[in-house]
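Written below as structure tokens is the structure these notes are about.
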Amino acid sequence: MYTIFTDFSYIDELIENGVEYAVIDVDNTIAQSSATDLGLTIKKEQISNKILWLLWVCLFAIQIPFFYLIDFFNRDFLLKVVMKKYHSFSLSKIEKSAEELFEKKLKKQFIMFTHDLIFHLKKKGVKVVLLSHNIEPLIKKYAKYFDVPYVCLSVKPNGNRCEVDLSNLADFKLREIQKYDPSKTIAIGDSKHDFPVLNYVKYPIVVCHKKEKWIDKLQNEPLIIPINK
């Protein structure tokens, strides 16, 4: 069973009953986005010729089914493949591209119900934390916009290049959510990859286009934020 989320009245009831924290995923939870958006933005900036860019996009598109297959079986491995591509860029380049992506594209792709919910939670005194498998130069843009703390994959300069810290990728989100009292915590996510986080807390909220089978396996009844394709 699940309940469709239509307004914030139920959230107010949870807060009155002792909810103090909200741990929120970013990609496809706060904005309709993916872990590859920033990489594509940087690549497009590198390839100024339109024909060459279209050829590169076609080659990339051929790989997409392969990425989906990896993602189905092993999200951590896919993240390692995607994140290691950033190692050929400087940290300043990534930060500049992240700023451009956020301002020109991602802010227009906010899922407005989640967007407004974050400000509502803050207004009610709930401590909101962003928790993401994406990299810090991008996630900190969201954190600055909402004025909330965040936990994500850190990026360190390495000479003229950089390095994404992938050393603690296994159970990354689960370890973070376990720092909170499950009876006082809301968790918001969008996919089966957020299952450990959503299943840990007493109050899971799922952002989705349609109800999927994995949602039924959550130990506590979730609220659903429906979004249109």
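The values are calculated or read from the model by the stated rules, or taken from the named source; none is laboratory data. No experiment lies behind these values; they were computed from the predicted model shown. Backbone-built Cβ (ideal geometry, glycine too); neighbour counts: all protein chains shown.
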Among the residues of the stretch 103-119, the number that are buried (at least 16 other Cβ atoms within 10 Å of the Cβ) and either within 15 Å of the chain's Cα centre (by Cα) or of a type outside the set (A, V, I, L, M, F, W, C) (or both) is 5
Selection count, the stretch 15-61, where residues are closer than 27 Å to Asn199 by Cβ, among the aliphatic types (A, V, I, L, M) and either at pLDDT 85 or above or not in a loop (DSSP other than H, G, I, E, B) (or both):
8
Answer yes if at least one residue in the stretch 146-153 is closer than 26 Å to Met112 by Cα, out of contact with any strand residue (DSSP E or B) (no Cβ under 6 Å at 6 or more places or on another chain), of a type in the set (Asp, Glu) and surrounded by fewer than 17 Cβ atoms within 10 Å (Cβ to Cβ), and no otherwise.
yes
Residue list for the stretch 201-222, filter: surrounded by fewer than 23 Cβ atoms within 10 Å (Cβ to Cβ) and among the β-branched types (Val, Ile, Thr):
Ile215
Quick check on Ser183: is it among the polar types (S, T, N, Q) and either under 16 Å from the mean Cα position of the chain (by Cα) or surrounded by 12 or more Cβ atoms within 10 Å (Cβ to Cβ) (or both)?
yes
In this structure, does Asp12 turn out to be surrounded by fewer than 20 Cβ atoms within 10 Å (Cβ to Cβ), assigned to a loop (DSSP other than H, G, I, E, B) and charged (D, E, K, R)?
no
Sort through Leu198, Leu174 and tell me the only one that's buried (at least 19 other Cβ atoms within 10 Å of the Cβ), free of Cβ contacts under 8 Å to residues at least 60 places away in the same chain and not in a loop (DSSP other than H, G, I, E, B).
Leu198
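Determine if the stretch 143-157 includes at least one residue that is of a type in the set (Val, Ile, Thr), in a strand (DSSP E or B) and over 24 Å from Ile205 (Cβ atoms).
Kept after step one, since they are of a type in the set (Val, Ile, Thr), are these residues of the stretch 143-157: 148, 151, 155.
Those still in the list that are in a strand (DSSP E or B) too: 151, 155.
From the residues that got through so far, the ones that are over 24 Å from Ile205 (Cβ atoms) too are 155.
Checked the stretch 143-157: at least one residue is of a type in the set (Val, Ile, Thr), in a strand (DSSP E or B) and over 24 Å from Ile205 (Cβ atoms).
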So, Ile227, is that one under 22 Å from Ser9 (Cα atoms), crowded, with 16+ Cβ neighbours inside 10 Å and in contact with a Pro (Cβ under 9 Å, 6 or more places away or on another chain) or not?
no
In the list Lys122, Lys80, Lys96, which residue meets the criterion of being of a type outside the set (A, V, I, L, M, F, W, C), in contact (Cβ under 8 Å) with a residue 40 or more places away in the chain and part of a helix (DSSP H, G or I)?
Lys80
